[in-house]
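Inspection log for the structure reproduced underneath, given as structure tokens.
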Amino acid sequence: DYCVWLGELSGLPVDLPTEAQYEYAARSRGKHVLYATDNGYIERGRNYRGEDVGDTYAVDRYPPNPLGLYDMGGNAVSWVNDWYDPEYYQHSPIDDPQGPATGSEKVFRGSTAGSTPSTAHTAERYHDQPVRKDYYSTNSYRCSIQQSTSLRR
């Protein structure tokens, strides 16, 4: 709802990113990198949560990835717009899959501050009911402009 409201306010087509868009951004334009850090590797305390950090932290605590995006893995998971289907990627389009049209659970990507490096990689994905009655500081979202042309002039 927030992303749609932001789109109405700005006059731009804003929504949650698709799962494919999220992974493309986490992988710095689709490069083959394992971690969404500034260099594709985990260096505890420099570009990823150190042992002393046990909960969520300020977004700019560690350097962004090469696209300038912070915490694509390692602080809070981000909801995406795709419904979850465990069989979807066996039959999906190769380029820009949009996820199933319907479902009961949504996908979220990234990892939390309590994750280990083995679960903080760019391909990590989860799914759950999209409506929550409780607040979880490790659940977040990102809004993205859903437009195929550049906004730069």
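Residue by residue, here is whether (1) among the charged types (D, E, K, R); (2) part of a loop (DSSP other than H, G, I, E, B) holds:
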| position | (1), (2) |
| --- | --- |
| Asp52 | yes, yes |
| Pro63 | no, yes |
| Gly68 | no, yes |
| Val80 | no, no |
| Asp85 | yes, yes |
| Gln90 | no, no |
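In the stretch 104-132, the residues that are hydroxyl-bearing (Ser, Thr, Tyr) reach residues that are open to solvent by 20 Å² or more (accessible area, probe 1.4 Å) and in a loop (DSSP other than H, G, I, E, B) with C-beta atoms within less than 7 angstrom, at least six apart or across chains, in these pairs: Ser111/Glu124; Thr112/Thr138; Thr122/Arg27; Thr122/Val33; Thr122/Leu34; Thr122/Tyr35.
Of the residues making up the stretch 78-85, at least one is of a type in the set (Phe, Trp, Tyr), open to solvent by 40 Å² or more (accessible area, probe 1.4 Å) and under 22 Å from Gln129 (Cα atoms). Just one of the listed residues (Gly74, Gly40) is within 22 Å of Pro117 (Cα to Cα), among the small types (Gly, Ala, Ser) and under 12 Å from the mean Cα position of the chain (by Cα), namely Gly74. When the residues of the stretch 106-137 are filtered to those that are among the hydroxyl-bearing types (Ser, Thr, Tyr) and surrounded by 16 or more Cβ atoms within 10 Å (Cβ to Cβ), the one that is farthest from Tyr41 (Cα to Cα) is Tyr126.
Within the stretch 1-28, no residue that is on the phi > 0 side of the Ramachandran plot sits with its Cβ atom under 7 Å from a residue that is surrounded by 14 or more Cβ atoms within 10 Å (Cβ to Cβ) and part of a helix (DSSP H, G or I) at 6+ positions apart or across chains. For the stretch 62-75, taking the residues that are at pLDDT 90 or above and under 30 Å from Asp1 (Cβ atoms), the one that is most open to solvent (accessible area, probe 1.4 Å) is identified as Tyr70.
Only one of Gly103, Gly99 is open to solvent by less than 20 Å² (accessible area, probe 1.4 Å), assigned to a loop (DSSP other than H, G, I, E, B) and within 22 Å of Tyr2 (Cα to Cα); which?
Going through Gly103, Gly99 in turn, just one is open to solvent by less than 20 Å² (accessible area, probe 1.4 Å), assigned to a loop (DSSP other than H, G, I, E, B) and within 22 Å of Tyr2 (Cα to Cα): Gly99.
For the stretch 27-48, check the following and say yes or no: at least one residue is within 22 Å of Asp1 (Cβ to Cβ) and crowded, with 16+ Cβ neighbours inside 10 Å. No, every residue in the stretch 27-48 fails to be within 22 Å of Asp1 (Cβ to Cβ) and crowded, with 16+ Cβ neighbours inside 10 Å.
Of all residues being under 29 Å from Glu124 (Cα atoms) and hydrophobic (A, V, I, L, M, F, W, C) in the stretch 4-19, which is most open to solvent (accessible area, probe 1.4 Å)? Just the residue, please.
Trp5
The values are calculated or read from the model by the stated rules, or taken from the named source; none is laboratory data. Worth saying up front: this structure is predicted, and the values here are computed from it rather than measured. Don't worry about glycine lacking a Cβ; one is built from the backbone with ideal geometry, like all the others, and counts go over all protein chains shown. To get the accessible areas, we keep the full protein, side chains included, count just its heavy atoms, and leave off ligands, DNA and RNA. Shrake-Rupley method; radii C 1.70, N 1.55, O 1.52, S 1.80 Å.
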